[in-house]
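Trainee: Attaching a single structure in structure tokens format; questions to follow.
Since every read-out is calculated from the coordinates, none of them should be taken as a lab result. Since this is a predicted model, take the numbers as computed values, not measurements. For neighbour counting, all protein chains shown are included, and Cβ atoms are generated from backbone atoms with ideal geometry for every residue, glycine included.
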């Protein structure tokens, strides 16, 4: 396997009144046997929650859960006693471990919130649940890819219980950036948050994704101002 392209319009879709969501990989009522994840990346949901709506208290275990608000803000509460608001420009991580319950609501009663919900399979099972939240300095992203998530012990980023790396890049028109893998055995999933870019001969637009399994260094060229999320994960 070298490259798998996921065009935005082919994602799973669900409308729940308070929630409109698109699923890159099989999730809930959307099941596609050809889209069961990419390596240890299991879920990439693109959620839009109406004002004051949200996910009531529900459980998770043995999963690394990453939330990245793209616009608006989320109100979070969990069984560890955390009560936080996560705004656009921040990132939240939960290691569910032995078990956790939490709720996630739109913090606004007038504006929608749009956020990416990402699940990665854990490295160690049944660890103690943990929570972390950090601001992302968007301006720094203009210097290339900025690491925002790393394995436990990685400094200046939120940590997860897996040898995985998340990086963000914001590109101006006709800008070129390179991504070098942290581990040559890993795969890379690139998700275009906004804009239009080329990776080799493959052109990707807003909310398109591509999984790349064998190339160690990638060159991305923007055809308009763009933002890209890069998720590097073990493949097994």
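Trainee: For the pair residue 198/residue 7, report the inter-label distance in nm, with labels modelled 7 Å from Cα in the Cβ direction.
Mentor: Between residue 198 and residue 7, the label points sit 1.9 nm apart.
Trainee: What residue among 73, 198, 26 has the largest mean-square fluctuation in a Gaussian network model of the chain, using Cα springs under 10 Å?
Mentor: 198
Trainee: Let me ask something else. For the stretch 138-233, compute Rh as the Kirkwood radius over C-alpha pairs and then the Stokes-Einstein diffusion coefficient at 4 °C and 1.567 mPa s; write the answer in µm²/s, rounded to an integer.
Mentor: It diffuses with D of about 97 µm²/s by this estimate.
Trainee: Right, next: Compute the distribution of all C-alpha to C-alpha distances in the stretch 18-148, in bins of 5 Å from 0, and list the percent of pairs in each, rounded to whole numbers.
Mentor: 2, 10, 18, 22, 22, 16, 8, 2, 0
Trainee: Rg(Cα) of the stretch 76-209 divided by 2.2 N^0.38 Å?
Mentor: Cα-based Rg divided by the globular estimate yields 1.16.
Trainee: How many angstrom lie between the Cα centre of the stretch 9-23 and the Cα centre of the stretch 44-59?
Mentor: The distance from the Cα centre of the stretch 9-23 to that of the stretch 44-59 comes to 11 Å.
Trainee: Follow-up. Give me the log10 of I(q) over I(0) for the chain at q = 0.08, 0.11, 0.18 Å⁻¹, as the Debye formula computes it from C-alpha points; what are the numbers?
Mentor: -0.27, -0.53, -1.57
Trainee: Quick one: order 84, 58, 186 by neighbouring beta-carbon count within 10 Å, fewest to most.
Mentor: Listing 84, 58, 186 from fewest to most nearby Cβ atoms yields 58, 84, 186.
Trainee: Starting from the 7 Å offset along Cα-to-Cβ, what nm value, one decimal, do you get for the label separation of residue 36 and residue 87?
Mentor: Here the answer is 4.2 nm between the modelled labels.
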